[in-house]
Amino acid sequence: MQEAQWYYARHGKSEGPVDLAGLQRLQQDGVITGHTLLWCEGMAGWQPLQSTAAPASGADGVADGPAAPPASETAVAAASSHDPYRAPTAAATPDVIPLGAGLTGQLGLYSAIVGGNFPIYRKRWRLDQGTANAAGTWHWPGFLFGVIWMMYRKMYRMAAIWVGVLVASSAIEAFIEVPDALSLVINLGLSVTVGVFANSWYLQHCQREIARAQSLSTDNEAAVRSTLAARGDTSVIGDVIAIAVSVTLGIVGAVLTG
């Protein structure tokens, strides 16, 4: 069962989501208190931490203040009707939060560079755990489409490198006359390599683009996000070029092995 994801109210807006461990760390750091409003999927409205089902603990493990009696359904419904932190009516998890809605800081920058599929990469990169890390994840588009996916994601440098790897592999196979069965295993191995490392490669690409954009507009987050949105997301033209390159490589490979 997936662990509950909690949103918390801070400075007049909703932040999160975080898991239970993250919620407890925030309380220990003094970011939230027993009176901070929380919400997670399944709750009728926002309630103070001390009156929710989320265990609250201070730095010494003692609950932060006495627990308030649970609010009645009528009171919760009345409060939620004018609650400034009201949860999205059609969104309870990161998968369905509107693109970039309420995201600031690094999450906002990642959202700008990735575009529409950010909720997926947010999970794959474990961004809500504090440190971006894609190790041990699998990427089906990378496995199935390789260079085409790289060009679609505007990873032009990585695509060029991988084209070089594929050309070198085909040339070596032709030169030493690798049997067809072994050639198939080699090509499958190259595809698996992309599937294993694609999420990490894309994360590194996005981090480079973020660093580059920040170096151009150090004090203007809006300008940084605008630059990232222009340089990121996806490229249909890149996809067309990648398909043409793939067809060309296929023809060259057939000629070399023919």
**Prompt:** How many nm separate the modelled label positions at Trp140 and Thr193, each set 7 Å beyond the Cα in the direction of the Cβ?
**Reply:** 2.4 nm
**Asked** At what distance in angstrom do the alpha carbon centres of the stretch 158-175 and the stretch 182-199 lie from each other?
**Response** 13 Å
**Message:** Could you list Ser14, Ser200, Ser215 so that the one with the fewest beta carbons within 10 Å of its beta carbon is first and the one with the most is last?
**Reply:** Ser215, Ser200, Ser14
**Prompt:** What is the set of long-range amide H partners of Arg10 at a cut-off below 5 Å, with H atoms built 1.01 Å from backbone N?
**Reply:** Glu15
**Virtual spin-label span in nm between Ile237 and Arg208, 7 Å along Cα→Cβ** = 2.0 nm
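The numbers here are math on the coordinates, done by the rules we state, and not lab data. Being a predicted model, the structure only gives us computed values, none of them experimental. For neighbour counting, all protein chains shown are included, and Cβ atoms are generated from backbone atoms with ideal geometry for every residue, glycine included.
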